[in-house]
1. Checking the conditions here, which among Lys210, Lys224 is of a type in the set (Lys, Arg), surrounded by fewer than 18 Cβ atoms within 10 Å (Cβ to Cβ) and at pLDDT 95 or above?
2. Only one of these conditions is not met by Lys71: (1) crowded, with 19+ Cβ neighbours inside 10 Å; (2) in contact (Cβ under 8 Å) with a residue 40 or more places away in the chain. Which number is it?
3. Kindly provide the set of residues from segment 74-96 that are of a type in the set (Val, Ile, Thr) and in contact (Cβ under 8 Å) with a residue 60 or more places away in the chain, ordered by number.
4. Filter segment 12-27 for residues that are of a type in the set (D, E, K, R) and over 28 Å from the mean Cα position of the chain (by Cα); which is surrounded by the fewest Cβ atoms within 10 Å (Cβ to Cβ)?
5. Does any residue of segment 172-181 turn out to be touching a strand residue (DSSP E or B) at 6+ places or on another chain (Cβ under 7 Å) and farther than 25 Å from Leu223 by Cβ?
6. Could you check, for segment 369-387, whether at least one of its residues is in contact with a Ser or Thr (Cβ under 8 Å, 6 or more places away or on another chain) and of a type in the set (Phe, Trp, Tyr)?
7. Considering only segment 1-11, how many residues are in a loop (DSSP other than H, G, I, E, B) and either at pLDDT 95 or above or buried (at least 16 other Cβ atoms within 10 Å of the Cβ) (or both)?
8. For segment 274-349, which helices (runs of 4 or more DSSP H) that fit wholly inside it have 1 or more residues that are away from the ligand (no atom under 16 Å from the Cβ)?
Amino acid sequence: MPYLIPTYLFDGFSLKTNTCIQVDDEGIVLDILTKEPFPSSGIVLNGLLMPGMINCHCHLELSHMKGAIPKHTGLVNFLMTINQSRNLQNNLEIATAIDQAEKEMISNGIVAVGDISNKLDTLEQKKKHDLNYHNFIETFGLEDEQASHRFETSMSICKAFQEIAPSSIVLHAPYSISNTLIQLVNDFNQNKLSTIHNQECDAENELFQKGTGDFLQLIQWILKSPKEIHPTGKSSLQSYLPMLSQINKLILVHNTVSTKDDIEFAQQTNKELYWCLCPHANLYIENTLPDVNLLYASNCKLVVGTDSLASNDHLSIWGELFVLHAHFPTIPLDEKLKWATSNGAEALGMNSTLGSLENGKQPGIVFIENFNIEHPFDESTKIQTLFKAGKIYS
Ligand SMILES: [Zn+2]
(Lines give C-alpha, C1' and ligand atoms only; values in the text may rest on other atoms or scores of the structure.)
Protein backbone atom coordinates (compact mmCIF):
# COMPACT_ATOMS: atom_id res chain seq x y z
CA MET A 1 0.00 0.00 0.00
CA PRO A 2 2.18 2.89 -1.21
CA TYR A 3 2.46 6.25 0.50
CA LEU A 4 3.13 9.11 -1.91
CA ILE A 5 4.70 12.39 -0.75
CA PRO A 6 4.45 14.98 -3.55
CA THR A 7 5.76 18.56 -3.38
CA TYR A 8 2.20 19.74 -4.08
CA LEU A 9 -1.07 17.89 -3.73
CA PHE A 10 -4.30 19.13 -5.32
CA ASP A 11 -7.16 17.17 -3.79
CA GLY A 12 -9.84 18.39 -6.20
CA PHE A 13 -10.60 21.52 -4.14
CA SER A 14 -7.37 23.13 -2.91
CA LEU A 15 -3.63 22.99 -3.39
CA LYS A 16 -1.64 21.70 -0.42
CA THR A 17 1.97 21.17 0.59
CA ASN A 18 3.28 18.90 3.36
CA THR A 19 0.77 16.22 2.53
CA CYS A 20 1.13 12.47 2.13
CA ILE A 21 -1.45 10.27 0.43
CA GLN A 22 -1.90 6.54 0.84
CA VAL A 23 -3.55 4.58 -1.96
CA ASP A 24 -4.06 0.85 -2.46
CA ASP A 25 -2.70 -1.13 -5.42
CA GLU A 26 -5.77 -0.20 -7.49
CA GLY A 27 -5.37 3.53 -6.79
CA ILE A 28 -8.25 3.76 -4.31
CA VAL A 29 -7.53 6.54 -1.82
CA LEU A 30 -7.07 5.12 1.69
CA ASP A 31 -5.81 8.08 3.68
CA ILE A 32 -4.46 11.62 3.42
CA LEU A 33 -1.94 12.61 6.08
CA THR A 34 -1.35 16.29 6.76
CA LYS A 35 1.03 16.02 9.72
CA GLU A 36 4.65 14.94 9.62
CA PRO A 37 6.41 12.66 10.25
CA PHE A 38 5.31 10.76 7.16
CA PRO A 39 6.09 7.03 6.82
CA SER A 40 9.73 6.43 5.95
CA SER A 41 8.60 4.09 3.16
CA GLY A 42 6.86 7.07 1.46
CA ILE A 43 7.82 7.78 -2.16
CA VAL A 44 8.91 11.40 -2.62
CA LEU A 45 7.62 12.93 -5.87
CA ASN A 46 8.98 16.19 -7.22
CA GLY A 47 5.88 17.80 -8.69
CA LEU A 48 2.09 17.96 -8.40
CA LEU A 49 -0.20 15.03 -7.59
CA MET A 50 -3.85 15.44 -8.57
CA PRO A 51 -7.01 13.49 -9.49
CA GLY A 52 -7.57 12.49 -13.12
CA MET A 53 -8.95 15.30 -15.28
CA ILE A 54 -12.49 15.55 -16.68
CA ASN A 55 -13.19 16.63 -20.27
CA CYS A 56 -16.75 17.97 -20.28
CA HIS A 57 -16.99 18.62 -24.02
CA CYS A 58 -15.54 16.59 -26.87
CA HIS A 59 -16.65 15.22 -30.25
CA LEU A 60 -14.58 12.05 -30.46
CA GLU A 61 -16.24 11.11 -33.77
CA LEU A 62 -14.64 14.14 -35.50
CA SER A 63 -11.08 13.03 -34.64
CA HIS A 64 -10.28 12.22 -38.30
CA MET A 65 -10.74 15.92 -39.13
CA LYS A 66 -7.59 17.03 -37.33
CA GLY A 67 -6.01 19.88 -39.31
CA ALA A 68 -8.71 19.70 -42.02
CA ILE A 69 -10.25 23.10 -41.29
CA PRO A 70 -8.24 26.35 -41.53
CA LYS A 71 -7.93 28.43 -38.34
CA HIS A 72 -9.61 31.76 -37.58
CA THR A 73 -12.23 31.59 -40.35
CA GLY A 74 -15.21 32.11 -38.03
CA LEU A 75 -18.01 29.80 -36.92
CA VAL A 76 -20.13 30.02 -40.09
CA ASN A 77 -17.26 28.90 -42.34
CA PHE A 78 -16.25 26.27 -39.77
CA LEU A 79 -19.72 24.70 -39.69
CA MET A 80 -20.03 24.73 -43.49
CA THR A 81 -16.64 23.02 -43.90
CA ILE A 82 -17.47 20.39 -41.25
CA ASN A 83 -20.70 19.54 -43.05
CA GLN A 84 -18.99 19.29 -46.43
CA SER A 85 -16.01 17.22 -45.36
CA ARG A 86 -16.89 15.07 -42.34
CA ASN A 87 -17.75 12.05 -44.50
CA LEU A 88 -14.77 12.12 -46.83
CA GLN A 89 -12.74 9.44 -45.05
CA ASN A 90 -13.46 5.71 -44.91
CA ASN A 91 -14.62 3.79 -41.84
CA LEU A 92 -11.18 2.39 -41.04
CA GLU A 93 -9.58 5.86 -41.12
CA ILE A 94 -12.35 7.21 -38.91
CA ALA A 95 -12.02 4.32 -36.40
CA THR A 96 -8.22 4.62 -36.28
CA ALA A 97 -8.44 8.37 -35.59
CA ILE A 98 -10.99 7.73 -32.80
CA ASP A 99 -8.70 5.14 -31.20
CA GLN A 100 -5.68 7.45 -31.35
CA ALA A 101 -7.63 10.40 -29.97
CA GLU A 102 -8.86 8.36 -27.01
CA LYS A 103 -5.31 7.20 -26.31
CA GLU A 104 -4.15 10.83 -26.44
CA MET A 105 -6.75 11.81 -23.83
CA ILE A 106 -5.69 8.94 -21.55
CA SER A 107 -2.01 9.85 -21.85
CA ASN A 108 -2.93 13.44 -20.95
CA GLY A 109 -4.45 12.33 -17.64
CA ILE A 110 -8.11 12.52 -18.70
CA VAL A 111 -10.37 9.95 -16.99
CA ALA A 112 -13.89 10.92 -18.10
CA VAL A 113 -15.46 12.63 -21.10
CA GLY A 114 -18.79 14.26 -21.92
CA ASP A 115 -18.81 13.28 -25.57
CA ILE A 116 -21.08 14.52 -28.35
CA SER A 117 -22.16 11.87 -30.87
CA ASN A 118 -24.24 12.39 -33.99
CA LYS A 119 -23.60 8.89 -35.24
CA LEU A 120 -22.55 5.43 -34.02
CA ASP A 121 -18.90 5.82 -35.10
CA THR A 122 -17.49 5.84 -31.54
CA LEU A 123 -19.63 2.98 -30.16
CA GLU A 124 -17.10 0.17 -30.68
CA GLN A 125 -14.29 2.19 -29.07
CA LYS A 126 -16.44 3.06 -26.09
CA LYS A 127 -17.34 -0.61 -25.55
CA LYS A 128 -13.71 -1.11 -24.43
CA HIS A 129 -14.40 1.11 -21.38
CA ASP A 130 -10.88 2.53 -21.44
CA LEU A 131 -12.38 5.91 -20.51
CA ASN A 132 -15.58 6.84 -18.66
CA TYR A 133 -18.10 8.55 -20.92
CA HIS A 134 -21.40 10.34 -20.70
CA ASN A 135 -22.73 10.26 -24.27
CA PHE A 136 -24.60 13.30 -25.54
CA ILE A 137 -26.53 12.22 -28.65
CA GLU A 138 -26.80 15.44 -30.60
CA THR A 139 -29.83 16.34 -32.66
CA PHE A 140 -30.52 19.34 -34.88
CA GLY A 141 -32.83 20.44 -37.70
CA LEU A 142 -34.49 23.74 -38.52
CA GLU A 143 -37.74 22.46 -39.99
CA ASP A 144 -40.60 21.70 -37.60
CA GLU A 145 -42.04 19.08 -39.97
CA GLN A 146 -38.84 17.01 -39.75
CA ALA A 147 -38.44 17.22 -35.97
CA SER A 148 -40.05 13.90 -35.03
CA HIS A 149 -38.05 12.03 -37.69
CA ARG A 150 -34.82 13.67 -36.46
CA PHE A 151 -35.69 12.86 -32.87
CA GLU A 152 -36.43 9.21 -33.66
CA THR A 153 -33.11 8.81 -35.46
CA SER A 154 -31.34 10.23 -32.39
CA MET A 155 -33.39 7.96 -30.13
CA SER A 156 -32.20 4.82 -31.95
CA ILE A 157 -28.56 6.01 -31.63
CA CYS A 158 -29.16 6.84 -27.97
CA LYS A 159 -30.50 3.34 -27.28
CA ALA A 160 -27.28 1.77 -28.61
CA PHE A 161 -25.07 4.04 -26.46
CA GLN A 162 -27.29 3.59 -23.40
CA GLU A 163 -26.32 -0.10 -23.36
CA ILE A 164 -22.75 0.86 -22.43
CA ALA A 165 -22.89 4.19 -20.56
CA PRO A 166 -25.30 6.94 -19.51
CA SER A 167 -26.56 8.83 -22.54
CA SER A 168 -28.92 11.70 -23.25
CA ILE A 169 -30.36 13.28 -26.40
CA VAL A 170 -29.26 16.90 -26.60
CA LEU A 171 -29.80 19.94 -28.82
CA HIS A 172 -26.87 21.05 -31.00
CA ALA A 173 -27.12 24.84 -30.79
CA PRO A 174 -29.82 27.53 -30.55
CA TYR A 175 -29.54 28.45 -34.25
CA SER A 176 -29.84 24.93 -35.67
CA ILE A 177 -33.06 23.68 -34.07
CA SER A 178 -36.81 24.10 -34.51
CA ASN A 179 -39.30 24.79 -31.73
CA THR A 180 -40.83 21.32 -32.20
CA LEU A 181 -37.43 19.66 -31.77
CA ILE A 182 -36.78 21.75 -28.63
CA GLN A 183 -40.11 20.51 -27.24
CA LEU A 184 -39.31 16.84 -27.98
CA VAL A 185 -35.86 17.02 -26.37
CA ASN A 186 -37.19 19.02 -23.42
CA ASP A 187 -39.87 16.39 -22.69
CA PHE A 188 -37.44 13.48 -23.05
CA ASN A 189 -34.72 15.01 -20.86
CA GLN A 190 -36.63 15.34 -17.59
CA ASN A 191 -34.12 14.66 -14.79
CA LYS A 192 -31.36 13.91 -17.30
CA LEU A 193 -28.07 15.68 -17.82
CA SER A 194 -28.12 17.86 -20.94
CA THR A 195 -25.80 20.17 -22.86
CA ILE A 196 -25.94 22.75 -25.66
CA HIS A 197 -23.44 24.89 -27.59
CA ASN A 198 -24.19 28.38 -26.26
CA GLN A 199 -23.45 31.87 -27.62
CA GLU A 200 -20.36 30.97 -29.60
CA CYS A 201 -20.22 34.26 -31.56
CA ASP A 202 -21.97 37.62 -31.99
CA ALA A 203 -23.79 36.48 -35.13
CA GLU A 204 -25.70 33.93 -33.02
CA ASN A 205 -27.10 36.67 -30.79
CA GLU A 206 -27.80 38.91 -33.80
CA LEU A 207 -29.98 36.21 -35.38
CA PHE A 208 -32.23 36.12 -32.31
CA GLN A 209 -32.13 39.83 -31.57
CA LYS A 210 -32.67 41.20 -35.08
CA GLY A 211 -33.13 38.25 -37.45
CA THR A 212 -30.14 39.38 -39.51
CA GLY A 213 -26.43 38.61 -39.98
CA ASP A 214 -24.13 35.77 -41.03
CA PHE A 215 -26.27 33.08 -39.39
CA LEU A 216 -29.21 33.94 -41.63
CA GLN A 217 -26.97 33.06 -44.58
CA LEU A 218 -25.92 29.83 -42.86
CA ILE A 219 -29.55 28.84 -42.34
CA GLN A 220 -30.41 29.58 -45.96
CA TRP A 221 -27.39 27.58 -47.09
CA ILE A 222 -28.50 24.60 -44.97
CA LEU A 223 -32.14 24.75 -46.05
CA LYS A 224 -31.34 25.73 -49.64
CA SER A 225 -34.23 28.21 -49.43
CA PRO A 226 -35.07 31.42 -47.56
CA LYS A 227 -36.51 30.92 -44.06
CA GLU A 228 -38.74 33.35 -42.26
CA ILE A 229 -37.08 34.37 -39.00
CA HIS A 230 -39.01 35.73 -36.04
CA PRO A 231 -36.52 37.69 -33.94
CA THR A 232 -37.21 37.70 -30.20
CA GLY A 233 -35.32 40.93 -29.49
CA LYS A 234 -33.33 38.98 -26.89
CA SER A 235 -29.97 37.21 -26.91
CA SER A 236 -29.93 33.56 -27.99
CA LEU A 237 -29.57 32.27 -24.40
CA GLN A 238 -32.47 34.41 -23.18
CA SER A 239 -34.58 33.22 -26.12
CA TYR A 240 -34.16 29.43 -25.81
CA LEU A 241 -33.49 28.78 -22.10
CA PRO A 242 -37.12 29.36 -20.99
CA MET A 243 -38.17 26.64 -23.48
CA LEU A 244 -36.01 24.04 -21.69
CA SER A 245 -38.38 23.94 -18.72
CA GLN A 246 -37.87 20.21 -17.92
CA ILE A 247 -34.08 20.30 -18.12
CA ASN A 248 -32.62 21.02 -14.69
CA LYS A 249 -28.98 20.09 -15.16
CA LEU A 250 -27.34 21.71 -18.16
CA ILE A 251 -23.78 22.21 -19.41
CA LEU A 252 -23.56 25.40 -21.48
CA VAL A 253 -20.62 25.08 -23.86
CA HIS A 254 -18.41 27.98 -25.12
CA ASN A 255 -20.29 31.04 -23.77
CA THR A 256 -17.91 33.16 -25.83
CA VAL A 257 -20.21 36.20 -26.04
CA SER A 258 -22.34 35.67 -22.91
CA THR A 259 -22.87 38.95 -21.07
CA LYS A 260 -23.50 39.82 -17.42
CA ASP A 261 -27.17 40.16 -18.31
CA ASP A 262 -27.23 36.66 -19.85
CA ILE A 263 -25.49 35.13 -16.84
CA GLU A 264 -27.93 36.76 -14.40
CA PHE A 265 -30.87 35.67 -16.55
CA ALA A 266 -29.63 32.07 -16.61
CA GLN A 267 -28.95 32.01 -12.87
CA GLN A 268 -32.48 33.19 -12.13
CA THR A 269 -33.93 30.08 -13.79
CA ASN A 270 -32.69 28.04 -10.79
CA LYS A 271 -31.23 25.36 -13.02
CA GLU A 272 -28.07 23.46 -12.07
CA LEU A 273 -25.84 25.12 -14.66
CA TYR A 274 -22.24 24.41 -15.62
CA TRP A 275 -20.37 26.81 -17.91
CA CYS A 276 -17.90 24.89 -20.06
CA LEU A 277 -14.76 26.61 -21.35
CA CYS A 278 -13.05 25.31 -24.53
CA PRO A 279 -10.44 28.06 -25.03
CA HIS A 280 -8.29 26.36 -27.69
CA ALA A 281 -11.37 25.80 -29.87
CA ASN A 282 -12.49 29.43 -29.41
CA LEU A 283 -9.05 30.62 -30.50
CA TYR A 284 -8.99 28.12 -33.40
CA ILE A 285 -12.40 29.09 -34.81
CA GLU A 286 -13.05 32.71 -33.82
CA ASN A 287 -9.67 33.78 -32.41
CA THR A 288 -11.39 35.09 -29.29
CA LEU A 289 -12.12 33.94 -25.72
CA PRO A 290 -15.11 34.21 -23.35
CA ASP A 291 -14.96 36.73 -20.51
CA VAL A 292 -13.77 34.15 -17.98
CA ASN A 293 -13.15 36.83 -15.34
CA LEU A 294 -16.83 37.79 -15.57
CA LEU A 295 -18.04 34.17 -15.42
CA TYR A 296 -15.81 33.52 -12.40
CA ALA A 297 -16.81 36.73 -10.61
CA SER A 298 -20.48 35.83 -11.22
CA ASN A 299 -20.03 32.54 -9.30
CA CYS A 300 -20.69 30.41 -12.38
CA LYS A 301 -19.70 26.79 -11.91
CA LEU A 302 -16.96 26.41 -14.52
CA VAL A 303 -15.80 23.22 -16.23
CA VAL A 304 -13.38 22.60 -19.09
CA GLY A 305 -13.60 20.84 -22.47
CA THR A 306 -11.31 20.23 -25.40
CA ASP A 307 -13.96 20.27 -28.15
CA SER A 308 -12.90 18.09 -31.10
CA LEU A 309 -9.71 17.67 -33.10
CA ALA A 310 -11.51 19.53 -35.90
CA SER A 311 -10.97 22.70 -33.82
CA ASN A 312 -8.03 21.78 -31.60
CA ASP A 313 -4.53 20.43 -32.19
CA HIS A 314 -4.58 18.34 -28.98
CA LEU A 315 -7.06 16.73 -26.61
CA SER A 316 -5.61 17.85 -23.28
CA ILE A 317 -7.42 19.48 -20.36
CA TRP A 318 -3.98 20.42 -18.96
CA GLY A 319 -3.36 22.24 -22.26
CA GLU A 320 -6.69 24.09 -21.92
CA LEU A 321 -5.70 25.18 -18.39
CA PHE A 322 -2.45 26.52 -19.83
CA VAL A 323 -4.40 28.89 -22.13
CA LEU A 324 -6.79 29.92 -19.33
CA HIS A 325 -3.92 30.66 -16.97
CA ALA A 326 -2.07 32.70 -19.59
CA HIS A 327 -5.12 34.86 -20.42
CA PHE A 328 -6.75 35.06 -16.98
CA PRO A 329 -3.80 35.08 -14.57
CA THR A 330 -5.61 36.71 -11.65
CA ILE A 331 -7.96 33.76 -11.11
CA PRO A 332 -6.28 31.48 -8.55
CA LEU A 333 -4.65 28.28 -9.78
CA ASP A 334 -6.68 26.18 -7.30
CA GLU A 335 -9.87 27.34 -8.98
CA LYS A 336 -8.70 26.35 -12.44
CA LEU A 337 -7.62 22.92 -11.24
CA LYS A 338 -11.04 22.55 -9.61
CA TRP A 339 -12.79 23.29 -12.94
CA ALA A 340 -10.75 20.48 -14.52
CA THR A 341 -11.44 17.92 -11.78
CA SER A 342 -14.15 18.07 -9.09
CA ASN A 343 -16.45 20.50 -10.96
CA GLY A 344 -16.23 18.39 -14.12
CA ALA A 345 -16.94 15.15 -12.23
CA GLU A 346 -19.96 16.78 -10.58
CA ALA A 347 -21.23 18.06 -13.94
CA LEU A 348 -21.06 14.57 -15.48
CA GLY A 349 -22.54 12.96 -12.35
CA MET A 350 -19.39 10.92 -11.71
CA ASN A 351 -18.23 12.57 -8.47
CA SER A 352 -18.90 9.54 -6.29
CA THR A 353 -15.73 8.00 -7.79
CA LEU A 354 -13.93 10.69 -9.81
CA GLY A 355 -12.74 14.29 -9.50
CA SER A 356 -11.21 14.38 -6.01
CA LEU A 357 -8.69 12.65 -3.77
CA GLU A 358 -10.95 11.53 -0.93
CA ASN A 359 -11.06 8.32 1.03
CA GLY A 360 -12.69 5.49 -0.89
CA LYS A 361 -12.61 7.23 -4.28
CA GLN A 362 -10.71 5.90 -7.30
CA PRO A 363 -10.30 9.09 -9.34
CA GLY A 364 -7.11 8.17 -11.23
CA ILE A 365 -3.88 9.46 -9.70
CA VAL A 366 -2.13 11.88 -12.03
CA PHE A 367 1.38 13.20 -11.44
CA ILE A 368 2.63 16.40 -13.07
CA GLU A 369 6.39 16.07 -13.17
CA ASN A 370 8.47 19.30 -13.05
CA PHE A 371 5.46 21.29 -11.81
CA ASN A 372 6.59 24.74 -10.69
CA ILE A 373 4.14 26.93 -8.76
CA GLU A 374 5.50 30.13 -10.39
CA HIS A 375 5.03 28.76 -13.92
CA PRO A 376 2.54 25.94 -13.40
CA PHE A 377 1.95 25.15 -17.07
CA ASP A 378 5.56 25.44 -18.21
CA GLU A 379 6.36 23.33 -21.26
CA SER A 380 8.73 21.17 -19.20
CA THR A 381 5.79 19.68 -17.24
CA LYS A 382 5.07 16.05 -18.02
CA ILE A 383 1.79 14.26 -17.29
CA GLN A 384 1.98 10.72 -15.91
CA THR A 385 -0.87 8.52 -14.76
CA LEU A 386 0.34 6.62 -11.68
CA PHE A 387 -2.97 4.81 -11.11
CA LYS A 388 -5.89 4.44 -13.51
CA ALA A 389 -9.35 5.66 -12.55
CA GLY A 390 -12.15 3.34 -11.60
CA LYS A 391 -14.57 2.23 -14.30
CA ILE A 392 -17.90 3.70 -13.37
CA TYR A 393 -19.89 1.69 -15.91
CA SER A 394 -18.61 -1.55 -17.37
ZN1 LIG B 1 -18.58 21.31 -29.72
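The values are calculated or read from the model by the stated rules, or taken from the named source; none is laboratory data. Every value quoted in this text rests on a predicted model; they were computed, and no experiment measured them. Here Cβ is always computed from backbone atoms with ideal geometry, including for glycine, and neighbour counts include all displayed protein chains. SASA here: full protein model, heavy atoms, side chains in, ligands and nucleic acids out. Shrake-Rupley method; radii C 1.70, N 1.55, O 1.52, S 1.80 Å.
1. The conditions single out Lys210.
2. It fails just one condition, (1).
3. Scanning segment 74-96 gives Val76, Ile82.
4. Across segment 12-27, the extreme among qualifying residues is Asp25.
5. Within segment 172-181, none of the residues are touching a strand residue (DSSP E or B) at 6+ places or on another chain (Cβ under 7 Å) and farther than 25 Å from Leu223 by Cβ.
6. yes
7. So the count comes out to 2.
8. So the answer is 292-297, 317-327, 333-340, 342-347.
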